[in-house]
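So the structure is just underneath, and the comments pick up after that.
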Amino acid sequence: MTLRRWPAVTPWVTVAAAAFAAVACAASDERAPLPPAMAAELATVVVTALETGSADPLLAGSDGRLVCVAEPFGADPVDAATAGDVTTVYAAVLCAEKRDGVAFEDSSRVSTVVAVHRSSPARVEAPGDGAAHQADIERIFPEDLRERAFAGHPDPGAGERELAARYTR
């Protein structure tokens, strides 16, 4: 049996295979989105941590209680199979300080991203404002989640409506 070589095709096949491998490798560096059920459970973890006193970095010195909503966008370890396996949750959050006699529209509010470390008690890290913001994002969030952290809440309008509904309960 004689093998024929197709010189014009061989380089293109090699280039195509290399391109496919590069795309596959790049894609593997990105985290898969959290499954919806896990994201919902982790949102509760974040909100509970923020509303039960671990939110000092958000509204330090406030004399009201926090009401929050969260949109998790990452978790560690990356291969966690259940929410119970997660040690750190990365989320965009919206919070309002609820004070007697103060309407939602007049409340102090914050929109930021946080890392909630599931220790006892939970520990919340949030980036600072101004010059510290970028350095804090780079320190707090894994490299593959930093772009998402810089973007903030994926749907601020929906988050604000959800927060208003929780505030008025």
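The values are calculated or read from the model by the stated rules, or taken from the named source; none is laboratory data. Predicted, not measured: the structure shown is a model, and the values here were computed from it. Cβ coordinates were reconstructed from backbone atoms using ideal geometry, including for glycine residues, and neighbour counts include every protein chain displayed. Accessible surface is based on the protein model in full, side chains and every heavy atom, while ligands, DNA and RNA are left aside. Shrake-Rupley method; radii C 1.70, N 1.55, O 1.52, S 1.80 Å.
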Test for GLU147: is it within 16 Å of the chain's Cα centre (by Cα) and of a type in the set (D, E, K, R): yes
message: Just to be sure I understand the filter: pairs with C-beta atoms under 7 Å, separated by 6 or more residues or on different chains, first member in the range 128-144 and open to solvent by less than 30 Å² (accessible area, probe 1.4 Å), second member part of a helix (DSSP H, G or I). Which pairs pass?
response: GLY128/ASP136; ILE137/ARG146; ILE137/ALA149; ILE137/PHE150; PHE141/ALA149
- line: When every residue in the range 118-127 that is touching a helix residue (DSSP H, G or I) at 6+ places or on another chain (Cβ under 9 Å) and open to solvent by 30 Å² or more (accessible area, probe 1.4 Å) is compared, the one farthest from HIS153 (Cα to Cα) is PRO121
- prompt: Within the range 92-113, is there a residue that is crowded, with 18+ Cβ neighbours inside 10 Å and aromatic (Phe, Trp, Tyr)?
  reply: no
query: So, of the residues in the range 145-155 that are surrounded by 14 or more Cβ atoms within 10 Å (Cβ to Cβ) and in contact (Cβ under 8 Å) with a residue 40 or more places away in the chain, which turns out to be farthest from CYS95 (Cα to Cα)?
result: LEU145
message: Any residue in the range 158-169 that is farther than 9 Å from LEU94 by Cα sitting within a Cβ distance under 6 Å of a residue that is in a helix (DSSP H, G or I) and open to solvent by less than 30 Å² (accessible area, probe 1.4 Å)? List the pairs, counting only those 6 or more apart or interchain.
response: ALA164/PHE104; TYR167/PHE104
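Evaluate the following for GLY74: is it out of contact with any Phe, Trp or Tyr (no Cβ under 7 Å at 6 or more places or on another chain), in contact (Cβ under 8 Å) with a residue 40 or more places away in the chain and either among the basic types (Lys, Arg) or surrounded by 12 or more Cβ atoms within 10 Å (Cβ to Cβ) (or both)?
no
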